[in-house]
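Just below is one structure, and these are the notes that go with it.
The values are calculated or read from the model by the stated rules, or taken from the named source; none is laboratory data. Bear in mind the structure is a predicted one, so any value in this text is a computation, not a measurement. Positions of Cβ are backbone-derived with ideal geometry, glycine not excepted, and every protein chain shown enters the neighbour counts.
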Amino acid sequence: MEFIVNNVYLPIEKDESELPSIVCNMLKIKRENFVSYKPIKKSVDSRDKKHILFVYSLLVNLNYYYESLKTNVNVRKNNLIERIEVPKFTKVKKKPVVIGFGPCGMFAALLLARANLKPIIVERGKMVDERIIDVNIFKENGVLNVNSNFCFGEGGAGTFSDGKLNTGINDDRIKFVLKEMIDHGAPEEIYYQNHPHVGTDNLINVVKNIREEIKSLGGKFLFETTFKDYIEDDKGYLKGIIVSTGQNEEKIINCDHAILAIGHSARDTFTNLYRHNLKMKPKAFSIGVRIEHSQEELDKIQYGKEYQNEKLPRSDYKQVVHLDNGRTVYTFCMCPGGEVVGTPTEEKTVVTNGMSYYRRDLANCNSALLVNINIEDFYINSPLDGMYLQEILEKEAYDEKYPYKAPCQKVGDFLLDRESTSFGHIRPSYRPGVYFRKMSNILPGFINESLKLAIPEIAKKLKIFKDPDALITGIETRSSSPISIPRDTDGSSSIKNFYPAGEGASYAGGIMSSALDGIKIALKIIEKYQRK
Ligand SMILES: Cc1cc2nc3c(=O)[nH]c(=O)nc-3n(C[C@H](O)[C@H](O)[C@H](O)COP(=O)(O)OP(=O)(O)OC[C@H]3O[C@@H](n4cnc5c(N)ncnc54)[C@H](O)[C@@H]3O)c2cc1C
C-alpha cells in the first residue's frame, strides 16, 4: 500500500540510496517490507551550516496496510491527484471560448479539449516563437510591441519568468499541474522540489506542447485576436463575444460559455468591461521596487562553506517586516541567478519584474521589495482607481531621454536619498538598460519611507541587505491585480456563463494558482455541459 512519509532527513553528503533504510528505521519496519519510493517533496534545511540536511516527503510503497503500521508519526494516506478524469462529449452545439492563453487559460483549455468540447482560444499576442523575437527586440533596442511582450502572448505572463511553481494555496490538484508540465516538457524534479522551478527555457516548450495537444483534440487558436466586449441576452446570459483582429476588424464569436483569463495587465480590456457595466471591485495590492544582490554572496550566507556544493540549489530568501507605521514590506518573486526584466504593456511606461533560466546561473539574484497598499490609499470613485495609480507611477518612471530604461539607485544612496552616480560591485541586469534616478522622485512618499525603514530591518535578519552597492530598479507595480471581478457559486460574473478567472480577476497569484483556477472553472463548465 502507498503512504506519504514526511520529514525524512538526509545529510547532504549522503546518497539518496540510503532513504529506504532511513524510512524503515523511522517506521520501525523490516527492510524486506519496503517495496519502493518516489520523492514528492525535497527541501534544504541549512539552519545549521555545519550539518546541512535535505528534508524529504516520500511516497512509499510498503507491504503494510495503513492501520497495521505501528507508528503513523509523519505518515499519511496517499491523497495525491495526478489525473483528472473528464467525460467525453460527442455532440456539442456551441464551443466554449477561452480568452487568454496564460497558465489559467492554458489549463482550462486543456481540460475542455480533453472533454472533446473543442474550445476556441482567443489570444491577443503572438505564438510563443514569434513572441520571443518581440521580447528580444525590447531587450536589445528598447522598442515595445504593446500586444507582444513579457506579459502578452502565448503562455501569458509566466512564460518569460523564473517559473517558480510554489503557491501558498493548498490544493490536491497541484501534483496534477506538475505532472502535466512534466509530461509536456518540464524537468522531472519539479514534481518533488520544495520550490519547484521550471525556468523560462523549459516553460516555452511546455507552452508549445500544451498548445499542440489542444489542437490535436480539435481546439482552435485565434492568435493576434483581442477580446473587446461581451454580448448578453435579455436574461443576462452570455450570447457571444466581440473580438478584433490585427487589422482592427471586429467580429462576433457566438458562444454560451467564455472564460475571461486575461491576466492583470490588460487595462484596455478592464476599461471596456467596466464601461459595459460588468461588476468589478477595487482590490488592495502592492507597490515597490526590484532589489538585486550578488547570488554568490547570498549562497555564502545561506550555505556557509558548502556554498559551491553542486547538490544544493541556488539559495533564495523570503522576508517580511511589519513596520510601526502600519505598513508591511515584503520580498516577493525572488529569482536566484536571474535577471530583472521590463514588463510594460503600454507605451512610455516602465515596470519591472524578474526571470531566470533553469540553471539559475547568472551573477545576480533579484526580488521584488513591496509595500502593501490598501483600498483607502487610492480609491476615489471607480473600481479601476488602483489601476489608474499603477499607470501614473509607471509613466513617472519613464524618461523620454532613456526610452524604456529603468530608473536605478544603489541601496546606500537610496537610504540617504541621493542620486547614484556610479555602480559598485553589483552591475544591473535590466535590459534595455538603466538610468540613475532617485526613487523618492517616483514612488509615493509612504512607499518610499516604508522601504527606507524596512531595508535596515531586513538586514538584521539577512546580511546581504546591508550591501550598499545592491541595486534597486523600479518600479514594481504589477505583483497582483488591483481589481477583482466577483463570481457567483457557479463561477459566473454578473453575466451568466461569463467566467472571470486567474490572476487578472483576483482568483490567483502566480503560475500554479492561476493554472488551478483555470482547472476549477473548466470543470464547472464541463458540469454544465453534462446537464444540458
Ligand atoms: C516576468 C514575470 C515573471 C514572473 N515569475 C513568476 C514566477 O516565477 N512564478 C509565478 O508563480 N508567477 C510568476 N509571475 C506571475 C505569473 O506569470 C502570473 O501570475 C500568471 O501568469 C497569471 O496567469 P493568468 O493565466 O491568470 O494570466 P496571464 O499569464 O497574464 O495570461 C493572460 C493572457 O491573456 C492575454 N490577454 C490579455 N488581454 C486579452 C484580450 N483582451 N484578448 C485576448 N487575450 C488577452 C494575454 O496576452 C496573456 O497571454 C511572473 C510574471 C512576470 C511578468
Exercise for the section: Please state which one of 30, 50, 94 is away from the ligand (no atom under 16 Å from the Cβ), closer than 30 Å to residue 147 by Cβ and over 31 Å from the mean Cα position of the chain (by Cα). Expected result: 94
Problem - Test: residue 64 is assigned to a loop (DSSP other than H, G, I, E, B), surrounded by 15 or more Cβ atoms within 10 Å (Cβ to Cβ) and not assigned by TED's automatic domain parsing to the domain that holds residue 217 - result: yes
Practice task
With the condition kept exactly as written, say whether any residue in segment 435-453 is in a loop (DSSP other than H, G, I, E, B) and in contact with a helix residue (DSSP H, G or I) (Cβ under 7 Å, 6 or more places away or on another chain).
Solution key: yes
Practice task
Kindly indicate whether any position in segment 154-168 is away from the ligand (no atom under 16 Å from the Cβ) and either under 24 Å from residue 499 (Cα atoms) or not in a helix (DSSP H, G or I) (or both).
Solution key: no
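If I filter segment 256-278 for residues that are basic (Lys, Arg) and away from the ligand (no atom under 16 Å from the Cβ), do I get at least one hit?
No.
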Exercise for the section: Report yes if residue 79 is away from the ligand (no atom under 16 Å from the Cβ) and part of a strand (DSSP E or B), otherwise no. Expected result: no
Practice task
Scan segment 507-530 and give yes if some residue there is in contact with a Ser or Thr (Cβ under 7 Å, 6 or more places away or on another chain), under 30 Å from residue 291 (Cα atoms) and more than 8 Å from the ligand (Cβ to nearest atom), otherwise no.
Solution key: no
Practice task
Examine segment 292-300 for a residue that is outside any loop (DSSP other than H, G, I, E, B), within 14 Å of the ligand (Cβ to nearest atom) and crowded, with 16+ Cβ neighbours inside 10 Å, and state whether such a residue exists.
Solution key: no
Practice task
Within segment 146-160, identify whether any single residue is surrounded by fewer than 19 Cβ atoms within 10 Å (Cβ to Cβ), modelled with pLDDT of 95 or more and aliphatic (A, V, I, L, M), and answer yes or no.
Solution key: yes
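Test of understanding: among 492, 480, 513, which residue is under 22 Å from residue 275 (Cβ atoms) and under 25 Å from the mean Cα position of the chain (by Cα)?
Of 492, 480, 513, the one residue that is under 22 Å from residue 275 (Cβ atoms) and under 25 Å from the mean Cα position of the chain (by Cα) is 492.
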Handout entry: Among (1) on the phi < 0 side of the Ramachandran plot; (2) crowded, with 19+ Cβ neighbours inside 10 Å; (3) within 14 Å of the ligand (Cβ to nearest atom) - the single one residue 245 does not satisfy
Key = (2)
Handout entry: Pair list, Cβ < 9 Å and 6+ apart or interchain, from segment 278-294 residues that are in the same structural domain as residue 462 (by TED's automatic domain parsing) to residues that are modelled with pLDDT under 95 and of a type outside the set (A, V, I, L, M, F, W, C)
Key = 288/474; 289/474; 290/474
Exercise for the section: Examine segment 311-323 for a residue that is free of Cβ contacts under 8 Å to residues at least 12 places away in the same chain and under 21 Å from residue 467 (Cβ atoms), and state whether such a residue exists. Expected result: yes
Exercise for the section: Give me a count of the residues in segment 208-235 that are surrounded by 13 or more Cβ atoms within 10 Å (Cβ to Cβ) and either under 23 Å from residue 526 (Cα atoms) or polar (S, T, N, Q) (or both). Expected result: 18
Exercise for the section: Go through segment 354-381 residue by residue and tally those that are part of a loop (DSSP other than H, G, I, E, B) and free of Cβ contacts under 8 Å to residues at least 60 places away in the same chain. Expected result: 3
Practice task
Among the residues of segment 397-431, count how many are over 21 Å from residue 137 (Cβ atoms) and not in a strand (DSSP E or B).
Solution key: 17
